[in-house]
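Reviewing the structure listed below.
The values are calculated or read from the model by the stated rules, or taken from the named source; none is laboratory data. Everything numeric here is computed off the predicted structure, so don't read it as measured data. Methodologically, a virtual Cβ is constructed for each residue, glycine included, from the backbone with ideal geometry; neighbour enumeration extends over all protein chains shown. The accessibility values were calculated without ligands, DNA or RNA, using every heavy atom of the protein model including side chains. Shrake-Rupley method; radii C 1.70, N 1.55, O 1.52, S 1.80 Å.
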Amino acid sequence: MISELPVAFEVISLGAMLVLLIVDLLIVGRRPHVPSMRESAVWVGFYVGLAVIFGGIVWGAGGAEPAAQFYAGWLMEYSLSVDNLFVFVIIMARFAVPREQQQRVLMVGIIMALIFRAVFILAGAALIEQFTWLFYIFGAFLIYTAIQQAIPEKADEQDDYKENVLIRQMRKVLPLHHQYNDGKLTTTIDGRRLFTPLIIVFLAIGSTDVLFAVDSIPAIFGITRDPFIVFATNLFALMGLRQLYFLLGNLLDRLVYLPYALSAVLGFIGIKLILEALHTNSLSWINGGEGFDWAPEVPIWLSLTVIVVSLAVGTVASLIKSAHDARKEALEPAEEPAPSDAAQ
């Protein structure tokens with residue numbers, strides 16, 4: 001597996017990340033509540049600042065290249081994780097999760113997602129090391145995903161959450177009660193121990209995020225092959241996601257052009273992967289197993305530039321459109337109430 005950082009640095013960093021994760025979990029577990037906008041903004045700023053500082057530490061430990069890989073990977077994973085929030089909002093509404101329990105739900109779901117992603121990352125790194133031709137598949141898949149991301153959803157599909165196979169099977173197997181019990185996973189009804197809907201919500205959040213990982217893991221391997229950097233970018237992106245959920249709230253609807261920005265990022269990374277696969281080609285039935293010299297190796301600075309510019313343009317364009325729509329709505333005359341029967 002490719003690594004440009006000292007082993008001691010990686011071990012210490014992973015230990016610090018796990019401590020941070022445990023502390024965050026203990027805080028949420030002991031005091032479940034609905035965070036204010038100010039509290040959410042402070043925590044989001046803390047995790048963003050922590051990621052920026054960590055990238056500087058990576059620079060000092062391994063040089064500019066791994067630091068640039070971390071920043072590019074973190075920005076991409078963080079932007080893709082915002083897409084998760086749209087689904088999380090729908091899941092919370094679909095299962096009527098009490099507001100004071102939503103922090104705990106998000107935290108447990110994110111921990112489950114980190115465990116699943118760690119497995120994906122290790123497996124992906126091992127496979128890529130042995131089979132570089134997988135970049136052909138990853139690249140094609142990301143381009144396909146980018147096209148699907150750019151296709152607008154129908155109005156009747158935007159608020160629709162479809163339970164995956166795991167959730168449907170769990171509904172059949174687990175004895176469930178329809179009411180929550182102060183954040184507990186079980187409740188006792190007529191002497192019978194039943195699971196509360198919270199267990200299904202945990203599974204929904206965790207398994208849904210794994211589906212998102214199917215897009216993001218190949219994309220991050222298009223930026224770096226270092227498993228440590230891949231895992232670090234995923235951890236920092238997901239750790240700030242819980243607070244970002246409460247900070248953005250209904251503002252997510254204003255980011256109308258974000259899917260197109262993410263589509264541009266995924267499409268670019270997909271093309272980058274295919275170019276790299278062509279440059280290092282080892283498939284005997286393509287060019288006799290030789291690489292294509294004309295296929296350029298896309299530098300990390302270009303990847304970082306494309307990611308930053310795409311996200312900036314998508315966000316600014318979304319805010320401009322939202323402001324324009326708000327002004328237009330304010331200028332429209334209010335509908336006059338229909339005359340009552342008595343007035344007639």
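Observations on the model:
- Residue within region 270-285 that is part of a loop (DSSP other than H, G, I, E, B), under 30 Å from Val316 (Cβ atoms) and either open to solvent by less than 20 Å² (accessible area, probe 1.4 Å) or touching a residue at least 60 places away in the same chain (Cβ under 8 Å) (or both) present: no
- Pairs meeting the criteria (first residue in region 174-187 and in a strand (DSSP E or B), second residue surrounded by 12 or more Cβ atoms within 10 Å (Cβ to Cβ) and among the aromatic types (Phe, Trp, Tyr), beta carbons under 6 Å, at least 6 apart or on different chains) are Leu176/Phe195; Thr186/Phe195.
- Test for Gln158: is it assigned to a helix (DSSP H, G or I) and either modelled with pLDDT under 75 or open to solvent by less than 90 Å² (accessible area, probe 1.4 Å) (or both): no
- A single entry from Val42, Val58, Val97, Val82 fulfils the requirement of being of a type outside the set (Ser, Thr, Tyr), crowded, with 19+ Cβ neighbours inside 10 Å and more than 28 Å from Leu273 (Cβ to Cβ): Val97.
- Of residues in region 298-323 being in a helix (DSSP H, G or I) and without any contact (Cβ under 8 Å) to a residue 24 or more places away in the chain, the one most open to solvent (accessible area, probe 1.4 Å): Ile320
- Those helices (runs of 4 or more DSSP H) of region 1-120 in which at least 2 residues are under 26 Å from Leu266 (Cβ atoms), considering only elements entirely within it, cover 37-62, 64-94.
- Output for region 188-204, where each listed residue is in a loop (DSSP other than H, G, I, E, B) and surrounded by fewer than 16 Cβ atoms within 10 Å (Cβ to Cβ): Asp190, Gly191
- Of all residues in region 114-131, one or more are among the polar types (S, T, N, Q), surrounded by fewer than 17 Cβ atoms within 10 Å (Cβ to Cβ), more than 13 Å from the chain's Cα centre (by Cα) and within 18 Å of Ile217 (Cα to Cα).
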